[in-house]
Amino acid sequence: MVEKSPQPSKSSAMWGGRFDAGPSAVMEAINASVDVDRRMAEQDIDGSLAHAQMLSETGVISSEDAAAIRQGLEQIREEIRAGDFTWSAALEDVHMNVEARLKAIVGEPAGRLHTARSRNDQVATDFRLWLRDACDRIDAQLAEYQKALVAQAEKHVDQVMPGFTHLQTAQPVSLAHHLLSYVEVAQRDRGRFADARKRLNESPLGCAALAGTAFPIDRKMTAKALGFDRPMANSLDGVAARDFALEVLSAAAICAVNLSRFAEEIVLWCTRRFGFASLSDAWSTGSSIMPQKRNPDAAELVRAKPGRIIGSLTGLLTVVKGLPLAYSKDLQEDKAPVFQAIDDLELALLAMAGMTADLTFHGAAMEAAAGEAYSDATDLADWVVRELGKPFRDAHHISGSIVKMAEKRDIPLAQLSLDEMQSVEPGIDERVFSVLSARASMESRTSFGGTSPVRVREQVAAWKARLG
């Protein structure tokens, strides 16, 4: 909880001697951000430690002051981790709360820490550090999700299921092939977060309020200490830019949408109408009134998460779109939507990895469905092309005519007689029946990236090696 501290006096107001009175209660409430940005306390302390060390090594502050600052900041870190730190809304934000506590611990040296920096470059640095950590966590979670998909795929390479277009039965595919498609999707998601991480990994520290500083600081030193690739080259850009947060939110929104698509399939597959899969009690809920119900609520909630995450992206885009350079207080509204979106995405990733590992697939229902709706009609057309030398458009017409004949009798293609097929195309012979099954169709698709178990086993092996 954030303590609602008494209104600070003129002498204790953190913005110094410019104002004659402290803020009103409403001003304090709208101005304070500590209930949100306290999540960056670790990053704030890391940035202050690097800044203090640099100030000492460049001779801006003494080594004794730097040592006192370092000892005080590490004490504050431990207090925060232990839950013993008192946060004050009157001190506005995480930076002032840490600085005030530092002053209480070490006295005068605390006042030297803010030399050659501003809260503008300080918060931009903290935010980049926080998002860098978030990108790393999400990458690891996406990898675990991929491993769960690959593990299921390895067990179901030979399981045939219907492939769909327009949610209509199209052609039979391997269940493993279907699952591996989401592994590919997740890899692209990982790439987007990696790209965003690479671009955000520049240090604003030392840009100060907007124009840099007259002190002889070494920005490359602090950038290196904090793991940044380089210091940002323009001080205005350093404090004003929030496109790094927008890029991470964009990656998060796309990732959430991709997760939602598989979550929707889990919902469908677990219905009695499909009957392709089921989830255990660990990932299902019941109904308060209908005792027979088993609801895939976790999948439904993952399906809902993109609404919140896309909302966060839209909200931040709207905040930033009209801001002139350099810093405006509007940017205080940048962190809440990002934190919420990352929380939502991480929870969705954990849920999807858990559900994927938990799924039990019902092979008989899948195979039966794979043979419905004349899913082998394309195989019939391909056979006519391959064996009779017909152009594909002619073969397509021949196959369609034979399908129409089977539809009138409500039977599969394989149950038509040879005479019936030959009434449409006299060149058809007994060999055609070898391709008229869902399994034969699946096994025939041997092109690179195809659904044949031969190709799918190769992809499973490749992903296992890649993911470790």
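For segment 404-449, how big is the tail of P(r) above 16 Å, as a whole percent of Cα pairs? Can you show the working numbers first?
On the way: 495 of 1035 pairs.
When every Cα pair of segment 404-449 is considered, 48 percent fall beyond 16 Å.
Under the rule of at least 5 residues apart or a separate chain, name every residue whose amide H is placed under 5 Å from the amide H of Ser88.
Amide H neighbours of Ser88: Glu3.
For segment 309-314, what does the Karplus curve 6.51 cos²θ - 1.76 cosθ + 1.60, with θ = phi - 60°, yield as ³J(HN,Hα) per residue in whole Hz, taken in order and with x for Gly and Pro?
Karplus-based 3J(HN,Hα) across segment 309-314 equals 6, 4, x, 5, 4, 4 Hz.
As a test question: what accessible area, to the nearest 10 Å², does Tyr182 have when a 1.4 Å probe is rolled over all protein chains in place?
30 Å²
Could you sort out which of Lys155/Lys198; Lys147/Lys321; Lys198/Lys305 sit more than 30 Å apart by Cα distance in this structure? Don't skip to the answer; put the middle values down first.
Numbers: Lys155/Lys198 36 Å; Lys147/Lys321 39 Å; Lys198/Lys305 26 Å.
Correct reply: Lys155/Lys198; Lys147/Lys321.
For Leu347 and Asp195, FRET efficiency with R0 = 30 Å and r from the beta-carbon atoms, rounded to 0.05? Write down the numbers at each step before the final one.
Details: r = 23 Å, r/R0 = 0.78.
The calculated FRET efficiency here is 0.80.
At a Förster radius of 41 Å, what calculated FRET efficiency corresponds to the Cβ-Cβ distance of Lys329 and Asp297, to the nearest 0.05?
Details: r = 40 Å, r/R0 = 0.98.
Efficiency at R0 = 41 Å is approximately 0.55.
Give me the dipole magnitude in Debye, nearest 20, for the chain about the Cα centre, with unit charges on the beta carbon: positive for Lys and Arg, negative for Asp and Glu. Could you put the intermediate results ahead of the total?
Numbers: 53 positive and 64 negative charges, 84 e Å.
Dipole magnitude for the chain comes out near 400 debye.
At q = 0.14, 0.21, 0.24 Å⁻¹, what base-10 log of I(q)/I(0) does the Debye formula yield for segment 368-468 when every alpha carbon is treated as an equal point scatterer in vacuo?
-0.57, -1.04, -1.28
List the relative contact order of the chain as a percent without decimals, with contacts defined as Cα pairs under 8 Å and 6+ residues apart.
Details: 681 pairs, mean separation 76.0, N = 468.
Normalised by residue count, the contact order of the chain is 16 percent.
Ser62 to Arg272: FRET efficiency via 1/(1 + (r/R0)^6), r the Cβ-Cβ distance, R0 56 Å, to the nearest 0.05?
Values: r = 75 Å, r/R0 = 1.34.
After rounding to 0.05, the efficiency reads 0.15.
With an 8 Å cut-off on Cα pairs and a minimum separation of 6 or more residues, tell me the relative contact order of segment 104-190 in percent.
Values: 58 pairs, mean separation 21.8, N = 87.
Once divided by the residue count of segment 104-190, the mean separation gives 25 percent.
Can you return the lysines within cross-link range of Lys103? Criterion is Cα-Cα under 30 Å, with same-chain partners fewer than 8 residues away left out.
Hits, sequence-local ones excluded: Lys4, Lys10, Lys220, Lys224, Lys329, Lys335.
So with the 1.4 Å probe, I'd like the accessible area per residue for segment 27-133, rounded to whole Å². All intermediate terms of the calculation are to be shown ahead of the outcome.
Values: 3930 Å² over 107 residues.
Counting only protein heavy atoms, the per-residue value for segment 27-133 is 37 Å².
Enumerate the amide H contacts of Ala170 below 5 Å, restricted to partners 5 or more residues apart or on another chain; note that Pro and chain-start residues carry no placed amide H.
Those lying under 5 Å, H to H, from Ala170 are Gly163, Phe164, Thr165.
Using only the heavy atoms of the protein chains and a 1.4 Å probe, how would Lys155, Lys329, Lys408 rank by accessible area, largest first? Display every interim value, and only then the final one.
Details: Lys155 140, Lys329 90, Lys408 165 Å².
Sorted descending by solvent-accessible area, the residues read Lys408, Lys155, Lys329.
Please report, in Å, the Rg and the Dmax of segment 159-225, where both are computed over Cα atoms only.
24.4, 70
Quick one: which residues, 5 or more positions from Leu226 or on another chain, have an amide H under 5 Å from its amide H? H modelled 1.01 Å from N in the peptide plane, none for Pro or chain starts.
It is none; the list stays empty.
Provide Rg over Rh for segment 196-355; use the alpha carbon set for both Rg and the Kirkwood Rh (inverse mean inverse pair distance).
Rg divided by Rh gives 1.17.
Can you run phi through the Karplus equation (6.51, -1.76, 1.60; θ = phi - 60°) for segment 65-73 and list ³J(HN,Hα) in whole Hz, with x for Gly and Pro?
Whole-Hz 3J(HN,Hα) from phi for segment 65-73: 5, 4, 5, 5, 4, 4, 4, x, 5.
Only sites in a loop by DSSP and with at most 12 other Cβ atoms within 10 Å count here; which GluC sites (Glu not before Pro) in segment 360-427 make the cut? Can you show the working numbers first?
Values: sites: Glu367, Glu372, Glu387, Glu407, Glu420; in loops: Glu372.
Answer by residue number: Glu372.
What distance in nm separates the simple spin-label points at Lys103 and Leu167, each placed 7 Å from Cα in the Cβ direction?
In this crude label model, Lys103 to Leu167 measures out at 6.2 nm.
So for segment 57-145, Kirkwood radius off the Cα pairs, Stokes-Einstein at 25 °C and 0.890 mPa s: how many µm² s⁻¹?
Details: Rh = 15.0 Å.
After rounding, the answer is 164 µm²/s.
Scaled to the compact-protein estimate 2.2 N^0.38 Å, what is the alpha-carbon radius of gyration of the chain, rounded to two decimal places? Mind dumping the intermediate values first?
Values: Rg = 30.8 Å, N = 468, 2.2 N^0.38 = 22.8 Å.
So the chain has a normalised radius of gyration of 1.36.
Principal axis lengths of segment 66-118 from Cα atoms, whole Å, largest first?
Here the spans come out as 28, 22, 16 Å, largest first.
Could you give each residue of segment 111-123 its phi-based ³J(HN,Hα) in whole Hz, using Karplus coefficients 6.51, -1.76, 1.60 with θ = phi - 60°, and x for Gly or Pro?
x, 8, 4, 7, 4, 6, 8, 10, 5, 5, 7, 5, 5
Taking 0.36 nm per intervening residue step and subtracting the Cα-Cα distance, what contour gain separates Ile411 from Asp281 on full extension? Present the calculation step by step, with values, prior to reporting the outcome.
Values: separation 130, 0.36 × 130 = 46.80 nm, distance 3.88 nm.
This chain segment gains 42.9 nm when fully extended.
The values are calculated or read from the model by the stated rules, or taken from the named source; none is laboratory data. Just so it is clear, the structure is predicted and the values come from calculations on it, not from any experiment. All Cβ positions, glycine included, derive from the backbone under ideal geometry; neighbour counts span all protein chains shown. Protein only, heavy atoms only, side chains kept; ligands, DNA and RNA dropped before computing areas. Shrake-Rupley method; radii C 1.70, N 1.55, O 1.52, S 1.80 Å.
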